[in-house]
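Bear in mind that the values in this text are calculations on the coordinates, not laboratory data. Here the structure is a predicted model, which means the values were calculated and not measured. Neighbour counts are summed over all protein chains in view; Cβ atoms, including those assigned to glycine, are modelled from backbone coordinates with ideal geometry.
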Amino acid sequence: MSEEGFHEIQLSGKQLVFLFMATTVVSVVIFLTGVLVGRGVGAETVIANATGTTLEAADQPEGPGDAGQSAAAPPPTVPEQPDELSYHKRLQESAPPEEKVRPVPPKPRAAPPPAPELPEPASVGFVVQIGAYNDRKTADGIAARLKAQSYPAFVLAPAAGSPTKSFRVRIGPYRERRDADAVAGRLLREQQLKSFVTR
């Protein structure tokens, strides 16, 4: 015997699938509604924080005890700094922001290397060699002193690849050997400088 008021419900496979789909659609709709409501509440909260007042404070009337007291100033709020680097803001701008690029300072130009000093070419004739010196300054000083006494003195720099790096002080050239010998004798008598004649 079946009790009155009790009915057994049997659902087929298609009906179970339809019931599951309907339950899923309703759940999704409820979820999306909650998201939209949450966004609206978040926006109101941001607006209220920006103005320094809340909706509850605005709705509450001032009590009689507050009439004699001075209204307290709202707490200072820190203004929000705009995010200039946000992707969303860059997309909304019509022109891209001007980017500040620091110019690269030009590299200082290196001074050109000094030209290699070429040795004085060998002259045709005979010369009187006073001496050979390792220091160019010493050789230049002796040559300058001889030039001041009207001798045609010059400094011969060492040739490239030469094993000896000496600067030779010479006087001349002279076409005849006897002229060079006469100058060498004069240097020995007047300057006490020993010298020799070479080509």
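Below is a table of values for the structure above.
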| quantity | calculated |
| --- | --- |
| Filter result for P163 (under 60 Å from the mean Cα position of the chain (by Cα), assigned to a loop (DSSP other than H, G, I, E, B) and either free of Cβ contacts under 8 Å to residues at least 12 places away in the same chain or exposed (fewer than 12 other Cβ atoms within 10 Å of the Cβ) (or both)) | yes |
| Residue list for segment 179-199, restricted to those being in a helix (DSSP H, G or I), surrounded by 10 or more Cβ atoms within 10 Å (Cβ to Cβ) and of a type in the set (K, R) | R186 |
